[in-house]
Each structure stands twice: as structure tokens, then as C-alpha cells.
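First the structure, in the form of C-alpha cells, and then the observations on it.
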Amino acid sequence: MRTTAQQIADTIDRVTAAIGRAAAWCCVYVVLVEFGVVCMRYALGIGSIKLQESVIYAHAGLFTLAAAWTLQADGHVRVDVFYAQAKPRTRALIDLIGALVFLLPFAVVLAALSVPYVARSWAILEGSREASGLPLVYLLKTLIPLFALLVGLQGVAQAIRAALLLSGPRQQPSR
């Protein structure tokens, strides 16, 4: 059972990291295209709503798709007063409680509330309010439940690792 749980956590970590690395390319896109939009606007006097909206989409993709990877890498902000000085078992207990009490319920509620919102957008193939904008708002909104799913899965991996550490043999303090 222990190896199966570890394999599940490892698989979630690999998927999370792969999606996070792919989403990181959105950062390159945001910088290059925004630079191009600014140059076009101020140097040439040309604007492009589609390009501006694509930057917003890439920015949203970056943050929603890479959030679970950031959680995996322990990069999210937390109250570190006690956690930084805590022993590994205490950290594992905090991680387990945090995942079960806060993270997973948040992910479930966000997914449950966002799915009807996204379904309505897909039903009408919602597009931009701007006449020359991108016709893909439904794809942008799809990032919300996807974010909830990815963060929830990473929370499951975090909870599994914490539970495995807590259920393992206690280390005797070194003298």
C-alpha cells in the first residue's frame, strides 16, 4: 500500500511539473508579445486588440496552470514563523492538515462553482466583447476548473507524502 501511495504522489508530481514547465512558456510569450504591442502602439501608431487579449490569455494560463507546480515546489506564501523551524514530522502534520482542511475543500468548492459558469460559456461559444477580439473566452474560463483540478491533485500528493512521513518510523534524536 505504501508503495502504491508513493507512486500516485510521484505520478501527480510528474504531471504537475510537466504542465507547469509547459505553462512557463506563457511567460516568454507575454514578454515578447507585450513588447511588440507597445512598440506597435508607440512607434507605429497601430493597435491590436487580438494581441492584447492574447497576452491576457497567456498571463491567465501562466498563473492558473503553474499554480500547482508552485505548490509542489513549496513556492507559495505561507506563515513561516513556526513552519521554518519545525521538525519534519511537525511540518508533515501542518501540510496534512493544511491540505485536508483548507486546500482540498477550496479546490472542490471552486470546481463545483466554476463548472456551471464554464458550461454556460461553452454552450454559447463565448467570445470577446470587443469586435476584433479573440473568440475564445470559453477556453479562458475553462482554466478556472482546470486550476482547481490541478491544485487539488497536488494537494492530494502533498497529503499522501505527509501521511507517509507521519506513518513511518519515528527517528530517534541524535545525541
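Every number here is computed from the coordinates shown, using simple stated rules; none is lab data. Owing to the predicted nature of the structure, the values given are computational and were not obtained by experimental measurement. Glycine also receives a Cβ, built like all others from the backbone with ideal geometry; neighbour counts cover every protein chain displayed.
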Normalised contact order of the range 2-167, rounded percent, pairs of Cα under 8 Å and 6 or more residues apart: 34 percent
Computed over the Cα atoms of the chain, the Rg and Dmax in Å are 20.7, 72
Using a 10 angstrom Cβ neighbour count of at most 15 plus a DSSP loop assignment to flag exposed chymotrypsin sites (Phe, Trp or Tyr not before Pro), which longest range of the chain is free of such sites? 84-175
Packing-ranked peptide list from 157-167, 126-136, highest mean Cβ count within 10 angstrom first, is 157-167, 126-136
Added length on full extension, which subtracts the Cα-Cα distance from 0.36 nm per residue, residue 85 to residue 170: 28.8 nm
The range 109-126 scanned against label point 7 Å out from residue 70 along Cα→C-beta; backbone N under 19 Å for 110-111
I want to check the label-to-label distance for residue 15 and residue 42. Put each point 7 Å from Cα in the C-beta direction and report it in nm to one decimal. 4.4 nm
Test item: Cα-centred dipole of the chain, Lys/Arg +1 and Asp/Glu -1 on Cβ, debye: 600 debye
Give the distance, in whole Å, between the Cα centre of the range 17-84 and the Cα centre of the range 122-175. 16 Å
Sorted from largest to smallest, which semi-axis lengths in Å does the alpha carbon gyration tensor of the range 1-86 give for its equivalent ellipsoid, taking the root of 5 times each eigenvalue? 38, 17, 8
